[in-house]
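See structure below.
We did not get these values from a lab; they are worked out from the coordinates using the rules stated. Quantities reported herein were computed from a predicted structural model and do not represent experimental measurements. Cβ placement follows ideal geometry from the backbone for every residue including glycine, while neighbour counts extend to all protein chains displayed.
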């Protein structure tokens, strides 16, 4: 049995929301403990080029997260490399069990576990991540100016990403395994009218193909789901837009969720249905999913927690 440690504020997750919450909670003299989770630094650690973080015209995603962690630590937050495996929000103080055996008790909890893009799960996709394969058009579309791009998906996310990518690409091919899209009709109308977009219906991507040195995408192998016939669709950028999966497993049976698993918060705040529990970043955000909005919500969560603790 590991040790038991108490903190006024326990922050679970270490992306922009978690680290920003740690900075603000530290400045409020709350001595927060931040448990990093399975992917320290969050999704930005797999984003090589970041050009939309204010103050940095260009920064590597992993470098930005190293700086955020250092900032949180410098302010006085205790950053712990561990994973919270169980969280009990039915008791006071709240109780969190970690993978290492340490038990954390907390007067307030800030959930910042993020959301991860859903991937196809094919080996070649993993190989080319960050080298032509992406799940974020607003993050990486800029790097494919004048080039051919393929997007896979059939919902609003896929249509939005395809339309956005027309700002940069010479052509955008949207591949969908069915013969109709799930996206809103108004979005579909815009998509079908766009001169840069072509549809490839009833197809799935079975492989990402590319060069070894330097590592880069040259196309995707598409298979017709009706006939089984395969062909290569040329592209230099391949964007997977089949949805996001919020990391809400810890609280799925304890807090109200919506839009496929995102933690529901009061409008204009980070307050959840349980007093003293706050949620920020991509865990709650099914709309924007940007580093800068996550950081802003991390700030809000720390301020909300500070005010709540002051009254209790």
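Here are some notes:
- Sequence-separation-based contact order of segment 119-240, relative, with Cα cut under 8 Å and 6+ spacing, percent: 31
- Annotation: average projected area of segment 163-228 is 5.5 square nanometres, based on the convex hull of Cα atoms across all directions.
- Fluctuation leader among 225, 95, 208 - the chain, Gaussian network, Cα springs under 10 angstrom: 225
- Potential lengthening between residue 194 and residue 91 on full extension [0.36 nm per residue; Cα-Cα distance subtracted]: 31.6 nm
- Ellipticity at 222 nm from helices only: DSSP H runs of n ≥ 4 in the chain, each -39500 (n - 2.57), divided by the residue count, give -7000 deg cm²/dmol.
- Shape category assigned to segment 119-240 from the gyration tensor of Cα positions, a/c cut at 1.5: oblate
- Distance between the 7 Å Cα→Cβ label points at residue 164 and residue 73: 3.2 nm.
- The shape of the chain can be summarised by an equivalent ellipsoid whose semi-axes, obtained from the alpha carbon gyration tensor, come to 39, 20, 18 Å from longest to shortest.
- Estimated FRET transfer efficiency (residue 27, residue 310; beta-carbon r; R0 22 Å; 0.05): 0.95
- Distance between modelled label sites at residue 215 and residue 180, nm, 7 Å Cα→Cβ extension: 4.1
- Orientation-averaged projected area, Cα convex hull of segment 22-169 (nm²): 11.5
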